[in-house]
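Novice: Shown below is the structure under consideration.
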Amino acid sequence: MSETVKERWRTAGRLADVLEAEVKDRRNPFVARVVSWFNLCRVCQDLEEQMLLADKGSEDDKRLHSALLSSAIASGEGLLLECADPSVLRPLRLTHEGLHAKIESLRITYEQWHTELNPERQAAVLREVFGGEI
């Protein structure tokens, strides 16, 4: 991996650390923390795009992506638990359900990138998507 690519990954990791700290800092307004969380999610997406465009993703790339996704999922769960009044999300045109859906999307992404799909789970997914027996 070239030094330029390594530096890009290091920078992404540092940015994600800063965003995660902002999400967890309860001194910040809740809405600002949610915006920081969405920015953290965007960093994860950017890393996925870079991994897809790379000739060959390294194990370090995959570990960083896995760690960032795990952090984003955990931070999102924390925000969801803190959101006692869903109306606070209204300025973002976001609902409690929308926040939950984004977390589920991150879980699906994690599963796609970082877990092996066993035959039973694969059959269940195919039944869910296409209905009936496959």
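The values are calculated or read from the model by the stated rules, or taken from the named source; none is laboratory data. Note that the structure is predicted; figures quoted are calculated from it, not measured. Reconstructed Cβ throughout: ideal geometry from the backbone, glycine too, with neighbour counts over all protein chains shown. For accessibility, only protein heavy atoms count, side chains too; no ligands or nucleic acids. Shrake-Rupley method; radii C 1.70, N 1.55, O 1.52, S 1.80 Å.
Novice: Could you run the Karplus curve 6.51 cos²θ - 1.76 cosθ + 1.60 with θ = phi - 60° over region 10-18 and give me ³J(HN,Hα) per residue in whole Hz, x for Gly and Pro?
Specialist: 4, 4, 4, x, 5, 4, 4, 4, 5
Novice: Using a 1.4 angstrom probe and counting only protein chains, how large is the accessible area of PHE38 in Å², to 10?
Specialist: 70 Å²
Novice: Right, another one. Using the crude model of +1 on Lys and Arg Cβ and -1 on Asp and Glu Cβ, and no other charge, please compute the dipole size for the chain relative to its Cα centre, in debye to 20.
Specialist: Using only the charged Cβ atoms, the result is roughly 460 debye.
Novice: Only one of the listed values, (i) 9; (ii) 38; (iii) 32, was derived from the coordinates as percent of Cα pairs over 27 Å apart; which label is it?
Specialist: Here the calculated entry is (iii).
Novice: Just how large is the dipole of region 67-134 about the Cα centre, in debye to the nearest 20, putting +1 at every Lys and Arg Cβ and -1 at every Asp and Glu Cβ?
Specialist: The calculated dipole for region 67-134 is roughly 260 debye.
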